[in-house]
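Let me begin by presenting the structure, written as structure tokens, before commenting on it.
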Amino acid sequence: MTGPFLHLHPDDNVLVARASAPVGTEVKLASSTATLTQTIPLAHKIAYRDIVAGERILKYGMPIGIATEAIAAGAHVHIHNIRSAYTPTHALQDANGQSPETSK
């Protein structure tokens with residue numbers, strides 16, 4: 001734990017707010033301490049270290065998105081600087097086990 005933030009998995013490059021963190025809060029990061037320049041709402045993320053554009057964002061050790069720009073350590077990580085990396089891994093089926101394509 002680092003102040004009002006949690007580092008959920010050793011591979012994560014983000015910290016998750018366990019409470020709203022106001023401007024001026026100091027947070028211990030991977031290799032430095034950052035002072036927040038904006039309020040970070042509950043459950044939002046900040047960069048645990050510098051993240052380069054195109055790098056996968058890891059939470060719980062799993063990819064949750066891709067950085068759309070460079071994100072400095074301690075900066076807010078949210079929809080303004082990441083995009084979804086979600087890829088469906090299964091086909092939807094109805095209650096009878098039929099996919100939409102075969103039930104027509």
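The numbers here are math on the coordinates, done by the rules we state, and not lab data. Since this is a predicted model, take the numbers as computed values, not measurements. With ideal geometry, Cβ positions are generated from the backbone for all residues, glycine too; neighbour counts draw on all protein chains shown.
Within the range 71-85, name every residue whose backbone N is under 16 Å away from a label modeled 7 Å from Cα of ARG56 along the Cβ vector.
83-85
Modelling each spin label as a point 7 Å along the Cα-to-Cβ direction, I'd like the ASP11/ALA85 distance in nm, to one decimal.
0.9
Enter the per residue convex hull volume of the range 5-84, computed from alpha-carbon coordinates, in Å³ rounded to the nearest integer.
Per residue, the Cα convex hull of the range 5-84 comes to 76 Å³.
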